[in-house]
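One structure is given here, and the rest of the page talks about it.
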Amino acid sequence: MSFTPRGVTLLVLMLMHVFSPGARAQVLYGSLTGNVTDPTGAAVPMVKVEALNAATGISRAATSDAGGSYSFNDLQPGVYKITFSAPSFRTVVQENVQILANNLRRVDSQLAVAQVSETITISGMAEALQTDRSDVNHQIRSVQLSNLPFTGNAGRNWQALYKIIPGFSPPAELHSDAGNPQRALGTNVNGSSHSNNNTRLDGATVSYPWLPHIVAYVPPTDAVETVNIVSNSFDAEQGMAGGSAINVAIKSGTNEYHGSLHWFHTNAALRARNFFNTTNGIPKNILNQGGYTIGGPIKKNKLFFFTDFERTVRREFRQAFRTVPTDGLKRGDFSFLPTPVIYDPLTGAADGTGRQLFAGQVIPSSRIEPAAARMNALIPAPNLSTVPGSNNYQALGSYQFNRSNFDFKVNYNPTDKSSLFARYSYSPAEIFDPPSLGAAGGDALAGGQPGNAPSRIQSASVGGTYTITPHILLDATIGFTRQRLGAQNVDIDHNYGLDDLQIPGTNGPDRLQGGYPRFNITNFSAIGNPNVSNPFLFRDNQYTVNTNLSYVRGTHNFRFGGEYTYYTINHFQPQAAFGPRGGFNLTGGVTSLRGGSSPGQYNGYADFLLGQPNAMGKDVQYINPAAVRMPGWGFYLRDQWQVSRKLTLNYGARFERYPFAKRDHRGGERYDPNTDLVLIGGLGSTPTDTGVKVPRLQVGPRFGVAYPRPRRPSFGRVTESPSIPIPFATCGIPIPPRFRRSSTRPARCRPPARSAPGFRR
C-alpha cells in the first residue's frame, strides 16, 4: 500500500478530527472576505479570487457566490496579493494586503467592464479596520517587537509590551528565578484576576498549572511574528479565559533566506551612581543576551523552516546584611546585658513561673547542646562590628543565571488544499543563588531559592488545514508543554541533621530530604536551610487538542468545534511549616520568666544554645509525586452573518465543562468541618468528587454586531496595465465625491472615437 502526500495529510487531519473535540485553530490563521460588484453596485458572481502569499509563493483560490461574496479562512499570516478576474471585466490586483492571525480582513472590489484585456493594480492600502467581527482584538506586530524599547531582569521580554494594550495593568515579574526561570510577566486585564489569561504558542497551551497567573514558556522576542490578544467580547470559538485570550505565533520561513544576529548587553559599570549611594562603586550586574534567527525554503513554494537560538547569562554581585552571634554569645556569655533576662528552664515550676537567672548571665558549657555547638562552629564571625547587635555581618557572593531558548518550526503545503506546520521549543536553565552564611546555610543572597535551581521546559505543536470543498474547511491542532522545575540546596546530598548534628527525626531516606534542618532564631538570622519550600521538584504537563469545521453558505459563515485540555501536576514540595529536613522555632520563651517581661533580644539564641525550641516539626509528603489531574472541555457553534455590506452579526454559544480535579489513581480530598475528617475521593463509600458538585455544563451565549463608522475613502496608488493602449481609461469608474467639483456636474462618459489608437479597423 502506498500513500501520496495529499492522502497522508488528509489521513492525519481526519484522525485529529475523530480523536478530538477541539477548537480555536482558526486563531492560528487569518481570514479574508469581501464583496465583488460592478460599477452600478450589483453583485458579480463567479469571479475568480486568488490570494497569493508574497513571501512563500503559496496561493489559495475562491469564487464569488451569487451575492458576489467570497471568503478565505485558512491563510497563513503575511502580506498577500489579491487578484480578481472574470470574463468581460477588467482584472483588479490588490497588492500589500496584510493578513494577521485571528483577524478577519475585508477587501471589497469593484470590477469595470473591459472591452479588451486590461488590469488595474492597486499597490497600496490604508490601514485596515476589523469591520466584520465584534470582539475587542489587538495585535502586537513584529515591527513593534523590533523597535520599541522594553527590558526585564533577564533581558528583552515581549510581554512588557502588554502595557500598550488598553485594559492591561503594567506587567510585572513574579516569583523567584527558580520558580519562574522564563521571567514571565503577570498582568491584570480589565480588572480580572492574573489567572484569567489564557496564552497559547502556535496553538499549544503554555500556561503554568501551579502558578496560572504566569506562563511556562516565553520565546525570544526576535522569534515572535505576532501576538494576537482578544480582551473582550470573545467570539464563541475562543473561551477558557476570562481576562484575555492571547495567541503567540513563531515566525515561519519564506522563499528567501532571512536571518539575524542580536546581542543585548547591560553593565552596571556604565550606569550613573545613585545620588544616595555614598560608596564609590556600583555593585556588579552584567547581563548578556545574544542569539540568532534564520529561516528559508527547504523546497520552494512547498516546504519552509525557521529556527532561532538565544542565550541569556546574568552575573550579579550580591550583598546582604545578617545578624550572627559573637564569640562570646557562642560560649553562652550574656554578661554584657545591662538587665539580666536569661533564666534557667530547669528551675522554677513547669509552667515557667519561679525560674532563676543563670549565674552571672552565663550558660555553663556543659549545658550547651552539642548540635548547637556544631552549628555555631559553622557560623561566620561578625565582620562589621564585634559588639552584639543586629546586622553585624555583611554577606557577599555571586549570583548566576544561565538560560537557553531554542525554537524550530516547519511549514509544509503538500497541495493547494492543505497545509501543515510543526514546532518544537526547548529551554534549559541553571541558576545559583548562594546561601548567605556559607557552610552554616542561611537565606539566599538574592532572596530566592538557596543553592542550585535547574530547569527544563519543552513545548511542541502540530497543526494543519484541509479544504474539503470550496465551502467546507477542516483545521486541527495538537499541543504539548512540559515543565521540569526544581531547586535544591548545596547540602542536599548529606543528612547533616541526622548524621552530623545527631538530631533524631530529621532528614529521611529520600535524597530530597537531605541537608541541614531549619533553625529560626528570633532576632538572629536563620541558619541551616530556612526555606521550607526547598527543595522542590515539579514535573507538569499540558495537553491541548483542537479541531474546527467551517462551512460557508451564502452570506452565512458557520463554524463548529471544540477543544480538550488536560493539565497534570506532579510535585514534590512539602512546605507546610518546617520543611522536609525538619525545623525548629526558637522564640525565647524557654529562657524567659512567665509573668515577667517579654523575651528579650537574646532569649531566642539562649534557647538555641540549650537545644530547647518553642516549636519543632517535619513536613512529610507520603506520596511522591503529589499528582493532580485537571481536564477541561469546550464546544462551540457560531454563525457570522453578513446582513449587508456594512452590517455583520456574530452569534452563537459556547459550552464548557470542568470536571472535579482528581489525583493520579483516585479522587481528590476535602476537609469536612462537620465530622472533622478529611475525605479521600474513591476510598470506601466516599465518591470520587468527595460530594463536591460542579456544574456539568457551563453555557456562554455570544452575540455581537459589527457596523463600521463611515470614514473618508483612502486610496492607494492605482496603476492601469492594459495589454493595448486604451483611451478614456477612467470611463465607467465612479469618481469619489471628495474629488468632484461642487460647481460642475461630472462629464458624461463618451465612447472612444473609431479613429482612436487600438480601435482602428
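The values are calculated or read from the model by the stated rules, or taken from the named source; none is laboratory data. Note that the structure is predicted; figures quoted are calculated from it, not measured. All Cβ positions, glycine included, derive from the backbone under ideal geometry; neighbour counts span all protein chains shown. For the accessible areas, the whole protein counts, side chains as well, though only heavy atoms, and no ligand, DNA or RNA atoms are used. Shrake-Rupley method; radii C 1.70, N 1.55, O 1.52, S 1.80 Å.
Within segment 603-622, the set of residues being under 45 Å from the mean Cα position of the chain (by Cα), in a loop (DSSP other than H, G, I, E, B) and not hydroxyl-bearing (Ser, Thr, Tyr) comprises PRO613, ASN614, LYS618, ASP619, VAL620, GLN621. Of the residues making up segment 560-573, those that are more than 21 Å from ALA626 (Cβ to Cβ) and either in contact with a Gly (Cβ under 8 Å, 6 or more places away or on another chain) or surrounded by 23 or more Cβ atoms within 10 Å (Cβ to Cβ) (or both) are GLY561, GLY562, GLU563, TYR564.
Let's see how each residue does on (1) acidic (Asp, Glu); (2) open to solvent by 20 Å² or more (accessible area, probe 1.4 Å); (3) in contact (Cβ under 8 Å) with a residue 24 or more places away in the chain; (4) assigned to a strand (DSSP E or B):
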residue: SER366; (1), (2), (3), (4): no, yes, no, no
residue: ALA371; (1), (2), (3), (4): no, no, yes, no
residue: ARG374; (1), (2), (3), (4): no, yes, yes, no
residue: PRO382; (1), (2), (3), (4): no, yes, yes, no
residue: THR386; (1), (2), (3), (4): no, yes, yes, no
residue: ASN391; (1), (2), (3), (4): no, yes, yes, no
residue: GLN394; (1), (2), (3), (4): no, yes, yes, yes
residue: SER398; (1), (2), (3), (4): no, yes, yes, yes
residue: PHE401; (1), (2), (3), (4): no, no, yes, yes
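Residues of segment 186-203 include at least one that is open to solvent by 20 Å² or more (accessible area, probe 1.4 Å), touching a helix residue (DSSP H, G or I) at 6+ places or on another chain (Cβ under 8 Å) and assigned to a loop (DSSP other than H, G, I, E, B).
Just one of (1) within 29 Å of the chain's Cα centre (by Cα); (2) at pLDDT 95 or above; (3) among the aliphatic types (A, V, I, L, M) fails for ILE527. It is (1). Do the conditions hold for PHE317, that is, is it open to solvent by 70 Å² or more (accessible area, probe 1.4 Å), in a strand (DSSP E or B) and in contact with a helix residue (DSSP H, G or I) (Cβ under 9 Å, 6 or more places away or on another chain)? So PHE317 fits the description; yes. Of the set (1) in a strand (DSSP E or B); (2) of a type outside the set (A, V, I, L, M); (3) surrounded by fewer than 16 Cβ atoms within 10 Å (Cβ to Cβ), all apply to THR312 but (3).
Return yes when THR353 is hydroxyl-bearing (Ser, Thr, Tyr), in contact with a Lys or Arg (Cβ under 8 Å, 6 or more places away or on another chain), open to solvent by 40 Å² or more (accessible area, probe 1.4 Å) and part of a loop (DSSP other than H, G, I, E, B) and no when it is not. Considered against the rule, which asks whether it is hydroxyl-bearing (Ser, Thr, Tyr), in contact with a Lys or Arg (Cβ under 8 Å, 6 or more places away or on another chain), open to solvent by 40 Å² or more (accessible area, probe 1.4 Å) and part of a loop (DSSP other than H, G, I, E, B), THR353 comes out as yes. Taking the conditions (1) assigned to a strand (DSSP E or B); (2) more than 18 Å from VAL27 (Cβ to Cβ) in turn, VAL227 satisfies each one other than (2).
Check segment 276-284 and report whether any residue there is within 27 Å of ARG423 (Cα to Cα) and either assigned to a loop (DSSP other than H, G, I, E, B) or open to solvent by 10 Å² or more (accessible area, probe 1.4 Å) (or both).
Here is the first cut: in segment 276-284, the ones within 27 Å of ARG423 (Cα to Cα) are none.
No, segment 276-284 contains no residue that is within 27 Å of ARG423 (Cα to Cα) and either assigned to a loop (DSSP other than H, G, I, E, B) or open to solvent by 10 Å² or more (accessible area, probe 1.4 Å) (or both).
Among the residues of segment 155-175, the ones that are open to solvent by 40 Å² or more (accessible area, probe 1.4 Å), within 26 Å of PRO428 (Cα to Cα) and either small (Gly, Ala, Ser) or assigned to a helix (DSSP H, G or I) (or both) come to 1 in all. Which one is least open to solvent (accessible area, probe 1.4 Å) among residues in segment 609-650 that are β-branched (Val, Ile, Thr) and closer than 30 Å to ALA66 by Cα? Selected residue: THR648. For segment 35-53, the set of residues classified as part of a loop (DSSP other than H, G, I, E, B) and buried (at least 16 other Cβ atoms within 10 Å of the Cβ) consists of ASP38, VAL44, VAL47, listed by residue number.
Scan segment 212-221 for residues that are open to solvent by 10 Å² or more (accessible area, probe 1.4 Å) and in contact with a Gly (Cβ under 7 Å, 6 or more places away or on another chain) and report the count. Qualifying residue count, segment 212-221: 1.
Inside segment 505-519, residues that are open to solvent by 60 Å² or more (accessible area, probe 1.4 Å) and either closer than 30 Å to TYR567 by Cβ or modelled with pLDDT of 95 or more (or both) make up a count of 1.
How about segment 403-431: which of its residues are polar (S, T, N, Q) and open to solvent by 60 Å² or more (accessible area, probe 1.4 Å)? Don't jump to the end; show me each part of the working.
If we filter segment 403-431 for residues that are polar (S, T, N, Q), which is where we start, we get 404-405, 411, 413, 415, 418-419, 425, 427.
Answer for segment 403-431, where residues must be polar (S, T, N, Q) and open to solvent by 60 Å² or more (accessible area, probe 1.4 Å): there is none.
Note on segment 103-142: enclosed strands (runs of 3 or more DSSP E) holding 1 or more residues that are at pLDDT 85 or above are 104-106, 136-141.
Do we find a residue being in a loop (DSSP other than H, G, I, E, B), surrounded by 12 or more Cβ atoms within 10 Å (Cβ to Cβ) and polar (S, T, N, Q) anywhere in segment 258-267?
Within segment 258-267, the subset in a loop (DSSP other than H, G, I, E, B) is none.
Checking segment 258-267: not a single residue is in a loop (DSSP other than H, G, I, E, B), surrounded by 12 or more Cβ atoms within 10 Å (Cβ to Cβ) and polar (S, T, N, Q).
Residue count for segment 432-472 satisfying the condition of being open to solvent by less than 10 Å² (accessible area, probe 1.4 Å), of a type in the set (A, V, I, L, M) and in a strand (DSSP E or B): 3. Taken over segment 633-680, the criterion of being assigned to a loop (DSSP other than H, G, I, E, B) and within 24 Å of GLY700 (Cβ to Cβ) is satisfied by VAL643, LEU647, TYR658, PRO659, PHE660, ALA661. For segment 670-705, give me each residue that is touching a strand residue (DSSP E or B) at 6+ places or on another chain (Cβ under 6 Å), open to solvent by 70 Å² or more (accessible area, probe 1.4 Å) and not β-branched (Val, Ile, Thr). Listed by number, the residues that qualify are ARG670, TYR671, LEU697, GLN698, PRO701, PHE703. If you filter segment 60-95 down to residues that are open to solvent by 40 Å² or more (accessible area, probe 1.4 Å), out of contact with any Phe, Trp or Tyr (no Cβ under 8 Å at 6 or more places or on another chain) and part of a strand (DSSP E or B), you find that the one that is farthest from GLU256 (Cα to Cα) is PHE89. May I ask you to verify whether VAL248 is assigned to a strand (DSSP E or B) and crowded, with 24+ Cβ neighbours inside 10 Å? Judged against the criteria, VAL248 is a match. Only residues that are in a loop (DSSP other than H, G, I, E, B) and among the aromatic types (Phe, Trp, Tyr) were counted across segment 486-524, and they come to 2.
Looking only at segment 574-588, count how many residues are within 15 Å of GLY611 (Cα to Cα), in a loop (DSSP other than H, G, I, E, B) and open to solvent by less than 30 Å² (accessible area, probe 1.4 Å). Residues that pass the stated criteria total 2. Looking only at segment 473-499, which residues are open to solvent by 30 Å² or more (accessible area, probe 1.4 Å), under 30 Å from ALA440 (Cα atoms) and not hydroxyl-bearing (Ser, Thr, Tyr)? Residues satisfying the conditions are ARG484, GLN488, VAL490, ASP493, HIS494, ASN495, LEU498, ASP499.
Before we move on, is THR547 within 30 Å of ASN35 (Cα to Cα) and hydroxyl-bearing (Ser, Thr, Tyr)? For THR547, the condition - within 30 Å of ASN35 (Cα to Cα) and hydroxyl-bearing (Ser, Thr, Tyr) - is met.
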